[in-house]
Every structure is written in structure tokens, then in C-alpha cells.
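Here's the structure, in C-alpha cells; my notes come after.
The values are calculated or read from the model by the stated rules, or taken from the named source; none is laboratory data. Note that the structure is a prediction, hence the values are computed from the model and not measured. Cβ coordinates were reconstructed from backbone atoms using ideal geometry, including for glycine residues, and neighbour counts include every protein chain displayed.
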Amino acid sequence: MSEWRPIETAPTDGTAVDLWIMRDDGTGFRATDSIFCDIWVIPMYDNQKLGEELHMGSKGHGKITHWMPIPVGPDGEANSLY
């Protein structure tokens, strides 16, 4: 399994990755299948504005701190959003 990497090293070429987001209360969560297109687009949210706020680290939503490649499936096949 891949290890988490600092967000500063994340790909910005449209490659889908998983993100780790830390909330202000110290808890964190994983946002899967996210892509960077001027802002982080996180499919679990309805709109890009929230994605932009997360990227900027605004209060209430949390701050993106780490990323990791999307793990391969159980049969060894690479994952794809499309």
C-alpha cells in the first residue's frame, strides 16, 4: 500500500489521487478520487466552491495536508474514474 505524501508534492496534471483533509477540531478524513484543475475537485462535494475553500484551508471545512496514489483494486487492476 502507498504511503501518504505532503500535499506540496501532489500531481497537478489531472491525475486522480486520494487526499487527506484535517478539520479544525483535529479529526481528519480521506477524500477519494480527487483531481487538481486550478483547485482541488473532490467528487464527494456538490460544488467546486467548497473544493476551493478546502484548497485554501478555510475554517470549518479543513485543510488538505497529504495525498496518495489511488490504490490498485483487489485483482491488481488499476483504478480509473472513467
Checklist outcome for this item: Restricting segment 32-50 to residues that are over 18 Å from E8 (Cβ atoms) and in a strand (DSSP E or B), the one modelled with the lowest pLDDT turns out to be V41
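Can you give me the number of residues within segment 2-31 that are part of a strand (DSSP E or B) and either under 10 Å from M68 (Cα atoms) or charged (D, E, K, R) (or both)?
Step one: of segment 2-31, the residues part of a strand (DSSP E or B) are 5-6, 17-22, 28-31.
Narrowing further to those that are either under 10 Å from M68 (Cα atoms) or charged (D, E, K, R) (or both): 5-6, 17-20, 30.
Looking only at that region, the number is 7.
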Item to check | Of all residues in segment 51-82 being out of contact with any Leu (no Cβ under 6 Å at 6 or more places or on another chain) and of a type in the set (A, V, I, L, M), the one that is modelled with the highest pLDDT | outcome: M68
Next on the checklist: So the check is Cβ under 7 Å with 6+ separation or different chains; which pairs have a first residue in segment 8-27 that's loosely packed, with under 15 Cβ neighbours inside 10 Å and a second one that's of a type in the set (K, R)?
Outcome noted: D24/K59
